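Take a look at the structure set out below.
The values are calculated or read from the model by the stated rules, or taken from the named source; none is laboratory data. These figures come from a predicted structure and were not determined experimentally. Don't worry about glycine lacking a Cβ; one is built from the backbone with ideal geometry, like all the others, and counts go over all protein chains shown.
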Amino acid sequence: MTETVTALVHRLTAVVPDFPKPGVLFRDVTTVFADPEGFSSICRALAEPFAGIEAVAGIEARGFALAGGIAAQLGTGVLTVRKAGKLPGEVLSEQYALEYGEAELELRPGQLASGTRVLVVDDVLATGGTAGATVTLLERAGYHVIGFAALLELDGLEGRRALEPRLPVHTLDTVPA
């Protein structure tokens, strides 16, 4: 019997208790990247529901690895959505609310033609704040965001609900927050 992609994600994701602080159950997906067959299967599964992908946008930092893997399989380009202050030259920026404060993301404009169909990927979907800000940033840059995909969705944090009015959401596994 072939392992399902959900079982594969579950098997390859390391669970680290009390990181980065006591009481947090951290889901470390860097172990996924180290498994060549698993990583390849996961990248295919993340992109599968979305037709016409012309570029993949990865959210810093683990989203970069996923975006690169998907783009390599599809023969597309990669856009990197970075934390503020990490990109040289002209940037577009988008501030968004966190549980305790604010954060900011940046993107270099003009990397691709206006209207390019972009899939956004990240490792985990929690509240949807970072993903929503990324979608807004890409749309401001003139791109057409066709969906959001993530390895894991944290149950009960409503990230899917925050994003789905705007675009389709695809995750490979749902785990407790």
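Looking only at residues of segment 140-177 that are in contact with a Pro (Cβ under 8 Å, 6 or more places away or on another chain) and not small (Gly, Ala, Ser), we find that the one that is surrounded by the most Cβ atoms within 10 Å (Cβ to Cβ) is Phe148.
Checked against (1) touching a Lys or Arg at 6+ places or on another chain (Cβ under 8 Å); (2) of a type outside the set (A, V, I, L, M); (3) outside any loop (DSSP other than H, G, I, E, B), Cys43 passes all but a single condition, namely (1). For the residues Leu137, Leu119, the requirement of being in contact with a strand residue (DSSP E or B) (Cβ under 9 Å, 6 or more places away or on another chain) and free of Cβ contacts under 8 Å to residues at least 60 places away in the same chain singles out Leu137. Considering segment 75-174, the qualifying strands (runs of 3 or more DSSP E), each wholly inside and each with 2 or more residues that are within 21 Å of Val29 (Cβ to Cβ) and of a type in the set (Lys, Arg), run over 77-83. Taking (1) closer than 20 Å to Phe148 by Cβ; (2) outside any loop (DSSP other than H, G, I, E, B); (3) at pLDDT 95 or above in turn, Arg27 satisfies each apart from (3).
In the set Gly156, Gly129, only one residue is out of contact with any Leu (no Cβ under 6 Å at 6 or more places or on another chain), modelled with pLDDT under 95 and small (Gly, Ala, Ser); that residue is Gly156.
For Arg27, the conditions (1) surrounded by fewer than 16 Cβ atoms within 10 Å (Cβ to Cβ); (2) farther than 17 Å from Val135 by Cβ; (3) charged (D, E, K, R) all hold with the exception of (1).
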